[in-house]
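Please read the structure below before turning to the comments.
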Amino acid sequence: MRFSGKVCLVTGGGSGIGQAACARFAAEGAQVAVVDRDAKGGQETVDAIRQAGGQALFAQADVSDSAQAQAAIAAAVSAWGHIDVLVNNAAMMTFTPLLGTSEADWERVIAVNLRSVFLFCKYAIPQMPDGGAVVNISSVHAHETTPNVVPYATSKGGMEAFTRGLSLELAARKIRVNCVAPGAVDTPMLRNNPDIKSGAEKLTGAIGKPADLAAAICFVASDEAAFINGTTLVADGGRLDAL
């Protein structure tokens, strides 16, 4: 039980990779704060954890909003006193050529995918004991991308740079900061991608399951990964090698 007695907060915990990570943390003994904009999905995650005998709470939040982010963190701290693991997983994509992308859409993607990481780190890390862990969920798009997703790819590249810098700032407290970069994973985000639906983008290589990424996330967050810091674990089934 790698997370027995630990408090784990996961954004985007109402579906896909985030939901699987919440379930895995709880199964390994954690008290889990599920953060999501979608109340239905977030509560379903909590209900499933509780039905399995685990401990969880739901905090509804637009992760890009500072007040809502702080309220979600406060809910976890109020319930359990501190936060040991922060997983910044919430994300969104647009599927428009850059020159056709509105300023509002650009700002929204950067806010949800990158500003949220800043907000949750800024306000959750002061609630962490020394030796905690932050896991930011990046993407293979930070390394090799496709047309029409420039805002998303940009946000994930920025996330990886953010991770490297923050890991240095927190070294004295032994709080590790890393990324996990998924490839194609069978989630609502993948299934709702219009380029994939239309056949404009062809998937090559393996398609992972949310549980595959949950295993990687929990490893990086655990004490087993104590010597891993400031880097990105690519968990893509070899997708980048095939490009």
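Structure above, values below:
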{"read-out": "Qualifying residue in the range 94-117 (condition: of a type in the set (Ser, Thr, Tyr), within 30 Å of Lys174 (Cβ to Cβ) and either open to solvent by 40 Å² or more (accessible area, probe 1.4 Å) or in a helix (DSSP H, G or I) (or both))", "value": "yes"}
{"read-out": "Total residues in the range 77-106, condition among the charged types (D, E, K, R) and in contact with a helix residue (DSSP H, G or I) (Cβ under 9 Å, 6 or more places away or on another chain)", "value": "2"}
{"read-out": "Counted residues, the range 132-144 - those being open to solvent by less than 70 Å² (accessible area, probe 1.4 Å) and either hydroxyl-bearing (Ser, Thr, Tyr) or more than 18 Å from Val32 (Cα to Cα) (or both)", "value": "5"}
{"read-out": "Candidate set: the range 145-190, residues that are open to solvent by 60 Å² or more (accessible area, probe 1.4 Å) and modelled with pLDDT under 95; chosen: the one farthest from Gly12 (Cα to Cα)", "value": "Pro147"}
{"read-out": "Subset tally (residues that are at pLDDT below 90 and open to solvent by 60 Å² or more (accessible area, probe 1.4 Å)) for the range 206-243", "value": "5"}
{"read-out": "The range 43-82, residues that are closer than 14 Å to Phe25 by Cβ and not in a helix (DSSP H, G or I)", "value": "Ala52, Gly53, Gly54, Gln55, Ala56, Leu57"}
{"read-out": "Yes/no for Val35 being closer than 26 Å to Gly131 by Cβ, open to solvent by less than 60 Å² (accessible area, probe 1.4 Å), among the aliphatic types (A, V, I, L, M) and part of a loop (DSSP other than H, G, I, E, B)", "value": "no"}
{"read-out": "Of the criteria (1) among the small types (Gly, Ala, Ser); (2) closer than 16 Å to Ile125 by Cα; (3) open to solvent by 10 Å² or more (accessible area, probe 1.4 Å), which one Gly16 fails", "value": "(2)"}
{"read-out": "Test: residue in the range 118-131 that is open to solvent by 50 Å² or more (accessible area, probe 1.4 Å) and hydroxyl-bearing (Ser, Thr, Tyr)", "value": "yes"}
{"read-out": "Cβ-Cβ under 8 Å pairs, at least 6 apart or on other chains, the range 50-74 side β-branched (Val, Ile, Thr), far side open to solvent by 60 Å² or more (accessible area, probe 1.4 Å)", "value": "Val63/Arg37; Ile73/Tyr123; Ile73/Gln127"}
{"read-out": "Residue check, Lys40 among the basic types (Lys, Arg) and more than 22 Å from Val117 (Cα to Cα)", "value": "yes"}
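The values are calculated or read from the model by the stated rules, or taken from the named source; none is laboratory data. A quick note: this is a predicted structure, and the numbers were derived from the prediction, not measured. Methodologically, a virtual Cβ is constructed for each residue, glycine included, from the backbone with ideal geometry; neighbour enumeration extends over all protein chains shown. Heavy atoms of the whole protein, side chains included, go into the accessibility calculation; ligands, DNA and RNA do not. Shrake-Rupley method; radii C 1.70, N 1.55, O 1.52, S 1.80 Å.
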